[in-house]
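The values are calculated or read from the model by the stated rules, or taken from the named source; none is laboratory data. Values in this document were obtained by computation on a predicted structure and should not be read as measured data. With ideal geometry, Cβ positions are generated from the backbone for all residues, glycine too; neighbour counts draw on all protein chains shown.
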Amino acid sequence: MIQFLLNDEMIELKSFAPSLSVLDWLRTKMGKVGSKEGCASGDCGACTVVVGDLIEGKWHYKSVNACLSLLGNLHGKHLITIEALTSKMNPDVEDLHPVQRAMVECHGSQCGFCTPGFIMSLFVLYMNHTTYPGRKTVIQALGGNLCRCTGYEPILKAAEKCFSYDNEPAKNIAHEDHRFTQQVKVLTESLQSALEANSIPLIENGDQHFYLPQNLAQLCELKAAHPQAQFVAGATDLSVEFSQRLSYQDQLISVRYCPELMQFTSDQSGLHIGAALPYSEFITCFCDVYPEAHELFERLGSLQVRNAGSLGGSIANASPIGDPAPLLIALNATLELHSTSGKRMIDLAEFFIDYRKTQLAKDEVIVAIHIPKRTATFKLSCHKISKRIEDDISAVCLVLAYQYDNDQMQQVRCAMGGMAATPALATNVAGMLESKAFSLENLQLAAEKIEIDFQPLSDVRASSEYRIQVSKNLFSRIWYQGQEKPQFKSVNVQITNAAPIIQTRISHAAL
Ligand SMILES: Cc1cc2nc3c(=O)[nH]c(=O)nc-3n(C[C@H](O)[C@H](O)[C@H](O)COP(=O)(O)OP(=O)(O)OC[C@H]3O[C@@H](n4cnc5c(N)ncnc54)[C@H](O)[C@@H]3O)c2cc1C
Ligand code: FES
Ligand code: FES
């Protein structure tokens, strides 16, 4: 059985298809049709809902795509849908939530199909900020919501206006006078005690199962007992298989409830990222150490996708166009894999064997990604080429990393995505740069070696010729950006010898 809160109601479910999405459940089983289905693949945001995670006794809310989220992964969460935002069935403007009122007053809706999704993205932004957070943050929050008729300016105006009303109830959902608080408080307590009694939650539907192991040992044992079962983290890749290819799974094991896979730590040896931790929970800490990677992460899918997707999912999926792999390969990352036979470590650069084939054994799970400690002479440059800025997959991703010592590039690593069947190192390019000065001429000479390292395919995203040419051009961009940004001349990242241990999350099992 799984238990969670739906708006201000406690839900207990024992049986449903493991691949059932939150959106299908809401619309077909609960009659809550306010959340819309546009694309069923995470691209339009019409299905956006808000999900709360209970971490150390406090709810933390974020937007996710209901079409990608699996119902089983709602265990212990608080799901808020568009239906919860007003108290009456036919509200007049005064009864609307401030976000809805601002959308009405700013004319932010025409046909209205996208509107519930925009409202939910704005609602969680409103909950998490006490004042208008600025246009850039709003655009980030709405990057996964498409509107084909209104135009975005009225919606951006509404995002600002909703923060301007006087005498509104406290903006943060945690505040005492918020309309959810009293009921949610009572329900949270009963949810917590119910969860403590429920050791390994399981959904059974005939011979279909959705397992929710609460620690790594349970997870490895379940995988050994059910080798055909598939792991699921944020389901941002897996759900697309379900909805677009109609390729469903009868046995799923969620990796989201194991504390070992849900933490981020920084210590003397480097960064350690739990394989199941959603992107949005570690990007800030990661970019404190590697600010050069900020744009790459900021442009990975939409906020809804980053709120759900994980590094473990991306790496296991082994897509040639996944953005994290080139970055992590360039950073010389190591994967920690576990099974009932024990633990092994493997360099990420050697993990990918062929198109969507990896060295992961049938009974293994990716537990963590380890990145060596950044040194004072370390330089990094990350580039994503895609057709759109927001919510678009790479045509090409290039990451260059090296130590800059004695006016020379040393230990050069250049990793690329979109250029071959797997993300891979550009060894000839790196060889040309090794022990060379950081100059336009040297970078352009190295760029000529790209054609030796890769013979990319042509597909819907880009032709082979375009991929080669744009990659070469990126080396010139790296030099010009190096002239603008001082980090290529001197260190701009503070490296301390005694880096504090940062832990973003202790565990879900605390629920
Ligand atoms: C609209 C949209 C936009 C996107 N944009 C981008 C983008 O810009 N850049 C990009 O790189 N990606 C993008 N993606 C892809 C996706 O979000 C990422 O690949 C994500 O990191 C997958 O993580 P997940 O937790 O959702 O994986 P899931 O879907 O849960 O799992 C994916 C695969 O990994 C396996 N798996 C999951 N966790 C583990 C584990 N710990 N050990 C072993 N196997 C595991 C699962 O069995 C499954 O086969 C996008 C996806 C969508 C839907
Ligand atoms: S229906 Fe389009 S993102 Fe979910
Ligand atoms: S109002 Fe019609 S799609 Fe946005």
Handout entry: Unique match (being surrounded by fewer than 22 Cβ atoms within 10 Å (Cβ to Cβ), hydrophobic (A, V, I, L, M, F, W, C) and within 27 Å of Cys47 (Cα to Cα)) among Leu246, Leu303, Leu277
Key = Leu246
Exercise for the section: Check Ser302, Ser310, Ser341 and return the single one that is of a type in the set (Gly, Ala, Ser), at pLDDT 95 or above and within 24 Å of Ala420 (Cα to Cα). Expected result: Ser310
Fill in the blank from the handout: Taking region 81-114 and keeping only residues that are at pLDDT 95 or above and more than 16 Å from ligand 3 (Cβ to nearest atom), one is left with Thr81
Handout entry: Test set (1) in a loop (DSSP other than H, G, I, E, B); (2) out of contact with any Asp or Glu (no Cβ under 8 Å at 6 or more places or on another chain); (3) crowded, with 16+ Cβ neighbours inside 10 Å - Gly112 fails condition number
Key = (3)
Handout entry: Total residues in region 17-43, condition buried (at least 24 other Cβ atoms within 10 Å of the Cβ) and either in the same structural domain as Tyr126 (by TED's automatic domain parsing) or within 17 Å of Leu303 (Cα to Cα) (or both)
Key = 1
Practice task
Say whether the condition of being more than 25 Å from Arg477 (Cβ to Cβ), assigned by TED's automatic domain parsing to the domain that holds Lys436, touching a Phe, Trp or Tyr at 6+ places or on another chain (Cβ under 7 Å) and touching a residue at least 24 places away in the same chain (Cβ under 8 Å) is met by at least one residue in region 322-336.
Solution key: yes
Practice task
Might you let me know whether region 143-158 holds any residue that is modelled with pLDDT of 95 or more and either over 21 Å from Ile389 (Cβ atoms) or more than 16 Å from ligand 3 (Cβ to nearest atom) (or both)?
Solution key: yes
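So which residues in region 26-73 are farther than 18 Å from Leu146 by Cβ, assigned to a loop (DSSP other than H, G, I, E, B) and away from ligand 2 (no atom under 11 Å from the Cβ)? Break it down into steps so the answer makes sense when it comes.
Going through region 26-73, the residues farther than 18 Å from Leu146 by Cβ turn out to be 26-33, 50-62, 69-73.
From what's left, assigned to a loop (DSSP other than H, G, I, E, B): 30-33, 56-57, 69.
Selection gives Met30, Gly31, Lys32, Val33, Glu56, Gly57.
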Exercise for the section: State whether the residues of region 382-404 include one that is basic (Lys, Arg), under 28 Å from the mean Cα position of the chain (by Cα) and crowded, with 23+ Cβ neighbours inside 10 Å. Expected result: yes
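Take Arg306 and tell me if it is basic (Lys, Arg) and in contact with a Phe, Trp or Tyr (Cβ under 6 Å, 6 or more places away or on another chain).
In short, yes.
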Exercise for the section: Select from region 451-484 the residues that are farther than 23 Å from Ala293 by Cβ, at pLDDT 95 or above and among the hydrophobic types (A, V, I, L, M, F, W, C) and write down the one among them that is surrounded by the fewest Cβ atoms within 10 Å (Cβ to Cβ). Expected result: Ile452
Fill in the blank from the handout: Matching residues in region 322-347 (in a helix (DSSP H, G or I) and touching a helix residue (DSSP H, G or I) at 6+ places or on another chain (Cβ under 7 Å)) number 5
Practice task
Please indicate, with yes or no, whether at least one residue in region 310-321 is crowded, with 19+ Cβ neighbours inside 10 Å, assigned to a strand (DSSP E or B) and within 21 Å of the chain's Cα centre (by Cα).
Solution key: yes
Problem - Checking Asp323 against (1) closer than 20 Å to Ser386 by Cα; (2) modelled with pLDDT under 95, the condition it does not meet - result: (2)
Problem - Filter result for Ile273 (at pLDDT below 95 and not assigned by TED's automatic domain parsing to the domain that holds Gly38) - result: no
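Can you find, within region 322-364, the residue that is farthest from the chain's Cα centre (by Cα) among those that are charged (D, E, K, R) and either surrounded by 14 or more Cβ atoms within 10 Å (Cβ to Cβ) or within 16 Å of ligand 3 (Cβ to nearest atom) (or both)?
Filtering region 322-364 for residues charged (D, E, K, R) gives 323, 336, 343-344, 347, 350, 354, 356-357, 362-364.
Now narrow it down to the ones that are either surrounded by 14 or more Cβ atoms within 10 Å (Cβ to Cβ) or within 16 Å of ligand 3 (Cβ to nearest atom) (or both): 323, 336, 363-364.
Working: Asp323: 11, Glu336: 20, Asp363: 25, Glu364: 22 Å.
So the residue we want is Asp363.
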Handout entry: Subset of region 24-47 that is on the phi < 0 side of the Ramachandran plot and within 12 Å of ligand 1 (Cβ to nearest atom) - its residue that is farthest from the chain's Cα centre (by Cα)
Key = Gly38
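Return the residue satisfying two criteria in turn: it lies in region 387-409 and is under 29 Å from Ala376 (Cα atoms) and part of a loop (DSSP other than H, G, I, E, B), and of such residues it is farthest from ligand 2 (Cβ to nearest atom). Spell out how you get there, then give the answer.
Initial filter on region 387-409 (under 29 Å from Ala376 (Cα atoms)): 396-409.
Now restrict to residues that are part of a loop (DSSP other than H, G, I, E, B): 406-407.
Values: Asn406: 51, Asp407: 49 Å.
Top of the filtered list is Asn406.
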Completion exercise
Those residues of region 14-29 which are among the basic types (Lys, Arg) and touching an Asp or Glu at 6+ places or on another chain (Cβ under 8 Å) amount to Lys14, Arg27
Handout entry: Inter-residue pairs, beta-carbon under 9 Å, first in the same structural domain as Lys14 (by TED's automatic domain parsing) and assigned to a loop (DSSP other than H, G, I, E, B) and in region 210-231, second surrounded by 14 or more Cβ atoms within 10 Å (Cβ to Cβ) and of a type in the set (Phe, Trp, Tyr), 6+ apart
Key = Leu212/Tyr257; Pro213/Tyr257; Gln214/Tyr257; Asn215/Tyr257; His226/Tyr211; Ala229/Tyr211
